[in-house]
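Asks: Here you go, one structure.
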Protein chains: 2
Amino acid sequence: MSGAANSKQASRKPVERRVKVDLGERSYVIRIGSGSLARAGQPIVQATRAKKIVVVTEPGLGRRYAPTLMRSLREAGVTVSRIDVPPGDASKNLRQAGKLYDVLLDRGLDRGAALVALGGGMIGDLTGYIAATYLRGIPFVQVPTTLLSMVDASVGGKVAVNLKQGKNLVGAFHQPRLVWIDTETLRSLPMRERAAGMAELIKHAAIWDEKLFRRLERSVEQALALAPEALPAAIADSCRIKAAVVSQDEREQGVRMLLNFGHTLGHAVEKHYRYKRVLHGEAVAMGMVYAARRSEELALAPSGTADRLEALLLRAGLPTELPRFAREAYLSGLNVDKKKQDRRIRFVVLRRIGAAETRPLLPEEVYPARS
Amino acid sequence: MSGAANSKQASRKPVERRVKVDLGERSYVIRIGSGSLARAGQPIVQATRAKKIVVVTEPGLGRRYAPTLMRSLREAGVTVSRIDVPPGDASKNLRQAGKLYDVLLDRGLDRGAALVALGGGMIGDLTGYIAATYLRGIPFVQVPTTLLSMVDASVGGKVAVNLKQGKNLVGAFHQPRLVWIDTETLRSLPMRERAAGMAELIKHAAIWDEKLFRRLERSVEQALALAPEALPAAIADSCRIKAAVVSQDEREQGVRMLLNFGHTLGHAVEKHYRYKRVLHGEAVAMGMVYAARRSEELALAPSGTADRLEALLLRAGLPTELPRFAREAYLSGLNVDKKKQDRRIRFVVLRRIGAAETRPLLPEEVYPARS
């Protein structure tokens with residue numbers, strides 16, 4: 001970037017948002033902009049100190065965004081190559097991981113190399129897992145291209161692959177060196193998936209921050225349309241919430257449980273549909289409204305809380321009613337919940353918009369019989 | 001353990017040695033005794049807080065030692081089961097890891113479970129790798145049964161599996177919660193392998209601690225015969241040295257490089273033999289004597305240093321002369337060394353018995369042509 005000639009362009013450049021994720025020596029920064037992909041190279045090289053960088057992506061995303069990113073990386077002085085992984089969660093497994101190790105070795109990558117995950121949650125999880133384990137760990141950077149991964153996978157350091165028995169059963173905690181978010185990469189994301197990502201922002205607001213909730217109430221439509229004055233700020237707030245939760249509690253107990261708001265019933269729905277038909281964010285949206293209503297019924301939240309939550313989710317285009325499965329389907333979904341402790345479920349309830357807590361409840365308390 | 005009745009037995013019990021490995025919240029203790037396996041259960045359960053424990057071992061070792069260990073674990077109140085892995089380094093791969101994940105899932109192990117590695121380096125590395133990655137990490141305990149793994153794998157937190165392209169290419173840093181060493185488990189270890197392990201103790205002494213070196217000069221034969229008054233103390237000293245090095249430098253740069261003393265040429269020998277014929281400790285013994293002589297030639301160590309080192313290694317029954325490969329074989333072995341930085345090798349030289357440092361040397365300086 002050279003001075004005078006660029007100053008006009010720079011002045012039009014939307015303000016970049018930064019969120020620091022504070023984890024001691026593993027701290028890193030999330031940088032959120034609109035149209036910022038072409039400027040990612042230098043910061044990525046500085047954060048990783050890598051001499052060689054491999055961009056891991058999917059063919060479609062790769063065609064669309066990798067050239068811009070890779071040009072910027074090359075201009076920053078590193079050797080760059082790309083690996084395309086077949087799209088879809090089916091790629092997130094040990095076999096694919098084995099193939100990636102082979103490619104990295106073929107390309108002679110040593111500990112002076114770094115990986116960049118350009119894509120959604122699957123790409124981030126798989127790339128992060130490879131980075132966590134290749135040569136006992138090399139640096140990696142996330143460049144998320146879905147709204148869900150921007151606010152979810154950016155913070156937490158969870159990386160994993162699936163086994164045939166279930167999702168994310170093999171993994172690690174491996175923090176990225178930098179997360180680079182360009183909201184313009186959401187241009188190609190179908191509106192249904194934008195909405196599913198928005199469910200995550202709404203969840204963060206609901207459990208932690210009424211101010212963000214009000215911000216979304218003012219501008220959820222603009223945010224979904226990727227307005228530069230609306231979306232980056234909302235993403236930054238959302239990441240800040242997750243970062244606050246995770247910093248307090250890196251290894252997933254206590255407050256981190258609050259992030260499971262809406263997940264207990266949501267998981268039951270996803271499981272029943274075998275992770276098809278319904279997107280994760282959609283299932284969580286249904287689960288959140290259910291949990292908010294249950295919170296009111298248990299006299300834990302003031303009445304009107306669930307309605308307010310539901311209204312915002314509906315504006316985002318999200319479903320809010322649980323499918324009418326037999327009660328047994330929900331109860332059996334609850335019983336195998338990974339979050340169980342004895343038979344009780346640590347169910348996340350809302351106390352009001354902006355505050356949540358966990359309650360140990362029996363499955364039949366979470367999902368009572370209705371007359 | 002109940003009071004009075006056991007007091008006589010307890011008074012005959014050899015003094016247990018303890019070494020604390022100081023790594024902040026990941027700190028743990030190495031406990032070294034003679035005949036202590038039957039007392040391991042309670043400490044393992046306390047260190048892991050596990051409700052279910054799986055002992056991972058090899059069939060031969062499993063038959064010999066697992067019943068004692070598992071009885072002690074059961075008495076401590078946990079559910080215990082065992083997995084046997086085929087012996088030999090060939091088991092340390094992703095395929096075997098995949099099988100182990102399946103078994104753990106079949107047995108319903110959740111994050112309240114822990115693994116115990118009962119065996120040598122292969123078992124420790126593989127089990128540690130599974131523990132590092134299963135459900136994003138569960139606790140594990142090392143019960144090493146070779147002298148090498150007692151002093152090497154006990155400290156450092158390195159866990160890994162091999163790929164077909166090379167050893168330890170996929171792995172993690174995952175610290176055990178406890179290392180339980182019973183030197184009586186070395187009874188079944190062939191003398192040649194005891195000697196190879198002794199090379200590691202001698203290495204630690206040579207680079208760091210002349211006092212241990214003198215201790216070994218006084219009693220190396222007794223230590224190899226597993227004398228309870230000689231071996232546990234020597235192992236404790238050796239672990240303490242490695243712990244000191246690793247605590248300063250958990251992620252393998254700087255002082256940790258000193259642990260590579262003897263490895264540059266040693267690796268070249270192992271590679272040339274394709275990791276057959278010569279044991280790692282034997283190759284390192286040859287490499288150490290070579291490096292000590294080279295240190296003298298470069299006027300870095302006083303003359304006599306190499307002779308003193310060689311004398312001790314010979315008493316332990318170790319080879320000290322490099323095989324007469326063509327010079328090219330050594331040079332090409334050096335060039336692919338993982339420890340290279342540009343073309344220079346960070347070669348570990350001795351300054352005297354008990355002190356070492358690294359020097360950046362060109363391969364032809366490490367291994368000059370002799371007239």
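The values are calculated or read from the model by the stated rules, or taken from the named source; none is laboratory data. The model shown is predicted, which means the values in this text are computed figures rather than measured ones. Reconstructed Cβ throughout: ideal geometry from the backbone, glycine too, with neighbour counts over all protein chains shown.
Asks: Here are the criteria: (1) on the phi < 0 side of the Ramachandran plot; (2) surrounded by fewer than 18 Cβ atoms within 10 Å (Cβ to Cβ); (3) touching a helix residue (DSSP H, G or I) at 6+ places or on another chain (Cβ under 9 Å). Tell me which single one B:Gly254 does not satisfy.
Replies: Tallying (1) on the phi < 0 side of the Ramachandran plot; (2) surrounded by fewer than 18 Cβ atoms within 10 Å (Cβ to Cβ); (3) touching a helix residue (DSSP H, G or I) at 6+ places or on another chain (Cβ under 9 Å), B:Gly254 fails exactly one: (1).
Asks: Any idea which of (1) free of Cβ contacts under 8 Å to residues at least 60 places away in the same chain; (2) out of contact with any Asp or Glu (no Cβ under 7 Å at 6 or more places or on another chain) is the one B:Ala283 doesn't satisfy?
Replies: Of (1) free of Cβ contacts under 8 Å to residues at least 60 places away in the same chain; (2) out of contact with any Asp or Glu (no Cβ under 7 Å at 6 or more places or on another chain), only one is false for B:Ala283: (2).
Asks: Okay, moving on. Kindly indicate whether any position in the range A:190-207 is within 22 Å of A:Ala292 (Cβ to Cβ) and among the basic types (Lys, Arg).
Replies: Start the filter on the range A:190-207 by keeping residues that are within 22 Å of A:Ala292 (Cβ to Cβ), which leaves A:195-207.
Narrowing the set further to residues that are among the basic types (Lys, Arg) leaves A:203.
Checked against the condition, which is being within 22 Å of A:Ala292 (Cβ to Cβ) and among the basic types (Lys, Arg), the range A:190-207 yields at least one hit.
Asks: Quick one: is B:Leu314 surrounded by 15 or more Cβ atoms within 10 Å (Cβ to Cβ), away from chain A (no Cβ under 14 Å), outside any strand (DSSP E or B) and of a type outside the set (Ser, Thr, Tyr)? Before you say what the answer is, go through the steps one by one.
Replies: On the way: surrounded by 15 or more Cβ atoms within 10 Å (Cβ to Cβ): no; away from chain A (no Cβ under 14 Å): yes; outside any strand (DSSP E or B): yes; of a type outside the set (Ser, Thr, Tyr): yes.
No, not satisfied.
Asks: Taking the condition assigned to a strand (DSSP E or B) and β-branched (Val, Ile, Thr), does B:Val143 pass? Reasoning before the result, please.
Replies: Working: assigned to a strand (DSSP E or B): yes; β-branched (Val, Ile, Thr): yes.
Yes: the conditions hold for B:Val143.
Asks: Follow-up question, since we're still on this one. Can you tell me which residue within the range B:138-156, out of those that are in contact with a Gly (Cβ under 8 Å, 6 or more places away or on another chain) and of a type in the set (Gly, Ala, Ser), is nearest to the other protein chains (Cβ to nearest Cβ)?
Replies: Restricting to residues being in contact with a Gly (Cβ under 8 Å, 6 or more places away or on another chain) and of a type in the set (Gly, Ala, Ser), the top hit is B:Ala153.
Asks: Here's a follow-up. Tally time: how many residues in the range B:108-136 are within 12 Å of another protein chain (Cβ to nearest Cβ) and free of Cβ contacts under 8 Å to residues at least 60 places away in the same chain? First the steps, then the outcome.
Replies: In the first step, residues of the range B:108-136 are kept if they are within 12 Å of another protein chain (Cβ to nearest Cβ); the result is B:108-112, B:125, B:128-136.
Of the ones still in play, those that are also free of Cβ contacts under 8 Å to residues at least 60 places away in the same chain are B:108-111, B:125, B:128-129, B:131-136.
Of the residues in that region, 13 qualify.
Asks: Against the definition (surrounded by 24 or more Cβ atoms within 10 Å (Cβ to Cβ), among the hydroxyl-bearing types (Ser, Thr, Tyr), in a helix (DSSP H, G or I) and more than 14 Å from chain A (Cβ to nearest Cβ)), how does B:Ser238 come out, yes or no? If you could, list the steps in order and put the result at the bottom.
Replies: On the way: surrounded by 24 or more Cβ atoms within 10 Å (Cβ to Cβ): yes; among the hydroxyl-bearing types (Ser, Thr, Tyr): yes; in a helix (DSSP H, G or I): yes; more than 14 Å from chain A (Cβ to nearest Cβ): yes.
For B:Ser238, the condition - surrounded by 24 or more Cβ atoms within 10 Å (Cβ to Cβ), among the hydroxyl-bearing types (Ser, Thr, Tyr), in a helix (DSSP H, G or I) and more than 14 Å from chain A (Cβ to nearest Cβ) - is met.
Asks: Does A:Arg136 satisfy the condition of being farther than 16 Å from B:Gly171 by Cα, out of contact with any helix residue (DSSP H, G or I) (no Cβ under 7 Å at 6 or more places or on another chain) and not β-branched (Val, Ile, Thr)? Steps first, please.
Replies: Details: farther than 16 Å from B:Gly171 by Cα: no; out of contact with any helix residue (DSSP H, G or I) (no Cβ under 7 Å at 6 or more places or on another chain): yes; not β-branched (Val, Ile, Thr): yes.
So A:Arg136 does not fit the description; no.
Asks: Next question. Hey, A:Ala50 hits all of (1) surrounded by fewer than 21 Cβ atoms within 10 Å (Cβ to Cβ); (2) at pLDDT 95 or above; (3) more than 23 Å from the chain's Cα centre (by Cα) but one; which does it fall short on?
Replies: With (1) surrounded by fewer than 21 Cβ atoms within 10 Å (Cβ to Cβ); (2) at pLDDT 95 or above; (3) more than 23 Å from the chain's Cα centre (by Cα) applied to A:Ala50, the lone miss is (1).
Asks: Give all pairs with beta carbons closer than 6 Å in which a residue from the range A:63-88 that is touching a residue at least 60 places away in the same chain (Cβ under 8 Å) and assigned by TED's automatic domain parsing to the domain that holds A:Ala113 meets a residue that is surrounded by 17 or more Cβ atoms within 10 Å (Cβ to Cβ) and not basic (Lys, Arg); count only pairs at least 6 apart in sequence or on separate chains.
Replies: Sorted first by the residue in the range A:63-88, then by its partner, the pairs are A:Tyr65/A:Thr185; A:Leu69/A:Leu37; A:Leu69/A:Ala40.
Asks: Also, I was wondering about something else. Only residues that are out of contact with any strand residue (DSSP E or B) (no Cβ under 6 Å at 6 or more places or on another chain) and surrounded by 16 or more Cβ atoms within 10 Å (Cβ to Cβ): list them for the range A:53-64, please.
Replies: Within the range A:53-64, A:Arg64 is the sole residue that qualifies.
Asks: OK, next. Kindly check whether there is at least one residue in the range B:106-114 that is buried (at least 20 other Cβ atoms within 10 Å of the Cβ), in the same structural domain as B:Gly166 (by TED's automatic domain parsing) and part of a helix (DSSP H, G or I). If you could, list the steps in order and put the result at the bottom.
Replies: Step one: of the range B:106-114, the residues buried (at least 20 other Cβ atoms within 10 Å of the Cβ) are B:109, B:113-114.
From what's left, in the same structural domain as B:Gly166 (by TED's automatic domain parsing): B:109, B:113-114.
If we keep only those that are part of a helix (DSSP H, G or I) too, we end up with none.
Looking through the range B:106-114, none of the residues is buried (at least 20 other Cβ atoms within 10 Å of the Cβ), in the same structural domain as B:Gly166 (by TED's automatic domain parsing) and part of a helix (DSSP H, G or I).
Asks: Any chance the range B:184-197 includes a residue that's touching a residue at least 60 places away in the same chain (Cβ under 8 Å), within 14 Å of another protein chain (Cβ to nearest Cβ), of a type in the set (S, T, N, Q) and more than 22 Å from A:Asn162 (Cα to Cα)? Full working, then the answer.
Replies: Initial filter on the range B:184-197 (touching a residue at least 60 places away in the same chain (Cβ under 8 Å)): B:184-185, B:188, B:191-193, B:195-197.
If we keep only those that are within 14 Å of another protein chain (Cβ to nearest Cβ) too, we end up with none.
No, every residue in the range B:184-197 fails to be touching a residue at least 60 places away in the same chain (Cβ under 8 Å), within 14 Å of another protein chain (Cβ to nearest Cβ), of a type in the set (S, T, N, Q) and more than 22 Å from A:Asn162 (Cα to Cα).
Asks: Do you know which of the residues in the range B:88-100 that are under 16 Å from B:Gly124 (Cα atoms) and not small (Gly, Ala, Ser) is nearest to the other protein chains (Cβ to nearest Cβ)?
Replies: In this case the residue turns out to be B:Leu94.
Asks: Now for a separate question. For the range A:195-223, which residues satisfy the criterion of being surrounded by fewer than 21 Cβ atoms within 10 Å (Cβ to Cβ) and farther than 12 Å from A:Leu313 by Cα? Steps first, please.
Replies: The first filter runs over the range A:195-223 and keeps only residues surrounded by fewer than 21 Cβ atoms within 10 Å (Cβ to Cβ), leaving A:209-211, A:214-215, A:217-219, A:221-222.
Matches in the range A:195-223: A:Asp209, A:Glu210, A:Lys211, A:Arg214, A:Arg215, A:Arg218, A:Ser219, A:Gln222.
Asks: Out of the strands (runs of 3 or more DSSP E) lying entirely within the range B:13-64, which hold 2 or more residues that are under 24 Å from B:Lys92 (Cα atoms)? Let's see the steps before the verdict.
Replies: Numbers: elements: B:17-21, B:28-33, B:52-57.
Once the strands (runs of 3 or more DSSP E) in the range B:13-64 are filtered for at least 2 residues that are under 24 Å from B:Lys92 (Cα atoms), what remains is B:52-57.
Asks: Additional query: All but one of (1) among the β-branched types (Val, Ile, Thr); (2) within 23 Å of A:Ala38 (Cα to Cα); (3) in contact with a Gly (Cβ under 9 Å, 6 or more places away or on another chain) hold for A:Ile207; state the number of the condition that does not hold.
Replies: Failed condition: (2).
Asks: Give the residues of the range A:160-183 that are in contact with a strand residue (DSSP E or B) (Cβ under 9 Å, 6 or more places away or on another chain) and within 8 Å of chain B (Cβ to nearest Cβ), sorted by residue number.
Replies: Let us first name the residues in the range A:160-183 that are in contact with a strand residue (DSSP E or B) (Cβ under 9 Å, 6 or more places away or on another chain), namely A:160-164, A:167-183.
Hits for the range A:160-183 are A:Ala160, A:Leu163, A:Asn168, A:Leu169, A:Val170, A:Gly171, A:Ala172, A:Phe173.
Asks: When you check A:Lys271 against the structure, is it at pLDDT below 95, surrounded by fewer than 24 Cβ atoms within 10 Å (Cβ to Cβ) and not in a helix (DSSP H, G or I), yes or no?
Replies: Numbers: at pLDDT below 95: yes; surrounded by fewer than 24 Cβ atoms within 10 Å (Cβ to Cβ): yes; not in a helix (DSSP H, G or I): no.
It is false that A:Lys271 is at pLDDT below 95, surrounded by fewer than 24 Cβ atoms within 10 Å (Cβ to Cβ) and not in a helix (DSSP H, G or I).
Yes/no per residue for (1) assigned to a loop (DSSP other than H, G, I, E, B); (2) in contact with a helix residue (DSSP H, G or I) (Cβ under 7 Å, 6 or more places away or on another chain); (3) not assigned by TED's automatic domain parsing to the domain that holds A:Ala356:
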| residue | (1), (2), (3) |
| --- | --- |
| A:Gln175 | yes, yes, yes |
| A:Ala206 | no, yes, no |
| A:Ala243 | no, no, no |
| A:Leu259 | no, yes, no |
